[in-house]
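Undergrad: Okay, handing you the structure first.
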Amino acid sequence: MNKRISNISKLKDFLLQHRKDYVNAGSERDQIDQDAQIFMRTCADAISQLRSEMHVCVCVCSVVGKQVVSAQVKDHRAAVLDLIEAYLKGVCKLYSEQRAVRVKRVVDKKRLQIEGKVVEISRLQEIFAEKVLQQETEIDNIHQLVVGATENVKEGNEDIRENNNLLQ
């Protein structure tokens, strides 16, 4: 039991010591996540197993008629397990808070990237709209030139017909 408490304390110290690195780190934090979750699950399972063994021992001893464990000792062990479990929950909460900060930072970073892309798209849309307006103006100018050219061709054809009629 002392070893489990020591390991929980080591996890707590590790999380506190590497809090800044964990929140800011890259790929190694995924390994920290995996290791911490496995460790916390293992500790919780061990505590549950100790509770079960304590309960089974009391039941078996009662059935057999031997009173190996006094009620006071049983209550003491249950209280110790409650304290260890509470300590583990505190360390788990510490880990969860650090993970929440990390996830929030990742989400904020992605949101900023998306906002940046939206701003860039908006800027490009403005440029596109300006170019469309420029093209509209150029198309109107070309249209006017074509209309003028068409009128000039008509007048030129009429002049040619008049000259042909005069020459005949």
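The values are calculated or read from the model by the stated rules, or taken from the named source; none is laboratory data. Quick caveat, the model's predicted, so the values are computed rather than measured. FYI the Cβ positions are ideal-geometry reconstructions off the backbone, even for glycines, and counts take in every protein chain you see. These area figures cover heavy atoms from the full protein model, side chains too; ligands, DNA and RNA do not enter into them. Shrake-Rupley method; radii C 1.70, N 1.55, O 1.52, S 1.80 Å.
Undergrad: For segment 16-45, enumerate the residues that are surrounded by 11 or more Cβ atoms within 10 Å (Cβ to Cβ) and either more than 18 Å from Val106 (Cβ to Cβ) or touching a strand residue (DSSP E or B) at 6+ places or on another chain (Cβ under 8 Å) (or both).
TA: Leu16, Asp35, Phe39, Met40, Arg41, Thr42, Cys43, Ala44
Undergrad: Cβ-Cβ distance below 7 Å, separation of 6 or more or different chains: which pairs start in segment 1-18 with a residue that is under 13 Å from Ala36 (Cα atoms) and in contact (Cβ under 8 Å) with a residue 24 or more places away in the chain and end on one that is crowded, with 16+ Cβ neighbours inside 10 Å and of a type in the set (Phe, Trp, Tyr)?
TA: Close Cβ pairs (under 7 Å, with a partner that is crowded, with 16+ Cβ neighbours inside 10 Å and of a type in the set (Phe, Trp, Tyr)) amount to Ile8/Tyr87; Leu11/Phe39; Leu15/Tyr95.
Undergrad: Hey, Ser52 hits all of (1) modelled with pLDDT under 85; (2) part of a helix (DSSP H, G or I); (3) farther than 13 Å from Glu85 by Cα but one; which does it fall short on?
TA: Unmet condition: (1).
Undergrad: Against the condition under 30 Å from Gln17 (Cα atoms), in a helix (DSSP H, G or I) and among the polar types (S, T, N, Q), how does Ser96 come out, does it pass? Steps first, answer last, please.
TA: Details: under 30 Å from Gln17 (Cα atoms): yes; in a helix (DSSP H, G or I): yes; among the polar types (S, T, N, Q): yes.
For Ser96, the condition - under 30 Å from Gln17 (Cα atoms), in a helix (DSSP H, G or I) and among the polar types (S, T, N, Q) - is met.
Conditions tested, residue by residue: (1) outside any helix (DSSP H, G or I); (2) free of Cβ contacts under 8 Å to residues at least 60 places away in the same chain; (3) within 30 Å of Tyr22 (Cα to Cα); (4) open to solvent by less than 100 Å² (accessible area, probe 1.4 Å).
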residue	(1), (2), (3), (4)
Glu115	no, yes, yes, yes
Glu120	no, yes, no, yes
Ile127	no, yes, no, yes
Leu133	no, yes, no, no
Asn141	no, yes, no, yes
Val147	no, yes, no, yes
Asn152	no, yes, no, no
Asn157	no, yes, no, yes
Asn165	no, yes, no, no
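Undergrad: Specify the residue that is nearest to Arg4 (Cα to Cα); the eligible residues are those in segment 94-139 that are under 20 Å from the mean Cα position of the chain (by Cα) and of a type in the set (Lys, Arg). First the steps, then the outcome.
TA: The initial filter retains those residues of segment 94-139 that are under 20 Å from the mean Cα position of the chain (by Cα), namely 94-118.
From what's left, of a type in the set (Lys, Arg): 99, 102, 104-105, 109-111, 117.
Working: Arg99: 23, Arg102: 27, Lys104: 31, Arg105: 32, Lys109: 38, Lys110: 39, Arg111: 41, Lys117: 49 Å.
Out of the qualifying residues, it is Arg99.
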